[in-house]
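Notes follow the structure.
The values are calculated or read from the model by the stated rules, or taken from the named source; none is laboratory data. Values in this document were obtained by computation on a predicted structure and should not be read as measured data. As a convention, Cβ positions derive from the backbone with ideal geometry for all residues, glycine included, and neighbour counts pool all protein chains shown. These accessible areas exclude ligands, DNA and RNA; they are computed on the full protein's heavy atoms, side chains included. Shrake-Rupley method; radii C 1.70, N 1.55, O 1.52, S 1.80 Å.
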Amino acid sequence: MIVLHGSAGSPYVARVRMLGYAKGIDIALRPAALGTPEFQAMNPIGKMPVLEHNGFILPESLIICEYLEDLHPTPSMLGVTPQERALARLIPRTVDLYCANLLSLLRAASDSSFKIDEATERANLNKGLNALEHFLQPTGYAARAELSLADCVLVPWLYYGAKLASIGDDTLSRFAKLSRYIEMVADDPIAQRVWAEMDEAFRAFMTKWKAEQEAAAAQKD
């Protein structure tokens, strides 16, 4: 049995789930008990997701995806040629290292207590998006004609990109290849499934967060 510890709203958890759906792997999702001794024993860094497979414990979402690829090599989510396989890995790395601060911008827009240097964060995000635009394929999916690991990373990240757009931020729409990709992948049933799961989890989180904020405010009155 393969168990994934984490929240469906996390883009890092969602990428593993998307890869599992594309490969037809049965992966059970369990809430991550962050901060508990039990979870720290699985991952001393304390972050989700963590994969549990027949007693073997593995953290880090991209490493988990590669592990699942080795366990179930068909259909390949890395590609056939060295070039496809390189792009399938390069695009996730570009998203993680240079585009992840989109989440910080989104949080700052919805939570006034969360402070960032917005000018710096936007400059860094634009630099990352320029790199992503450079490496995205002009047709098909992110790294090749079919789904790959690159899409499993990019699709969950775009869930939060859409939320940035919903508050009037047009940053992502300025990039032609990314805009084409967003329009194309919106019709993919696996992407739709992942976005729906993320949305359900996000709405539940926001309901809980707002209730906690209201309770805290009431205590101050």
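Using every pair of separate Cα atoms, the Kirkwood estimate puts the hydrodynamic radius of the stretch 94-221 at 16.0 angstrom. Ligands, DNA and RNA left out, the 1.4 Å accessible surface of the chain is 56% carbon and sulfur atoms.
Pairs over the 30 Å Cα-Cα cut-off, from the set Lys47/Lys177; Lys177/Lys210; Lys115/Lys208; Lys47/Lys210: Lys47/Lys177; Lys177/Lys210.
Given a Förster radius of 22 Å and the C-beta distance between Val3 and Glu200 as r, what FRET efficiency does 1/(1 + (r/R0)^6) yield to the nearest 0.05? The calculated FRET efficiency here is 0.65. Average projection, convex hull of the Cα set of the chain: 13.4 square nanometres.
Ignoring ligands and nucleic acids, what accessible area does Trp157 show with a 1.4 Å probe (Å², nearest 10)? Surface open to solvent at Trp157 totals about 20 Å².
Phi angles across the stretch 3-14 convert, under the Karplus curve 6.51 cos²θ - 1.76 cosθ + 1.60 with θ = phi - 60°, into 3J(HN,Hα) values of 10, 10, 8, x, 10, 5, x, 6, x, 6, 6, 4 Hz, Gly and Pro given as x. Label point of Asp111 set 7 angstrom out along Cα-Cβ; within the stretch 1-28, amide nitrogens under 17 Å from it belong to 7-12. Close amide H pairs (under 5 Å, H built 1.01 Å from N) link Leu29 with Leu4, residues at least 5 positions away or on another chain. Rounded to the nearest Hz, the phi-derived 3J(HN,Hα) couplings of the stretch 184-189 under the Karplus curve 6.51 cos²θ - 1.76 cosθ + 1.60 (θ = phi - 60°) are 5, 6, 4, 8, 7, x, where x marks glycine and proline. Note on the stretch 1-73: along the principal axes its Cα atoms extend 34, 25, 18 Å, ordered by decreasing extent. In this label model, Ala123 and Ser173 are separated by 2.6 nm, measuring between points 7 Å along each Cα→Cβ vector.
With the alpha-carbon atoms of the stretch 167-221 aligned to their principal axes, the span from lowest to highest coordinate is 50, 26, 9 Å, starting with the largest.
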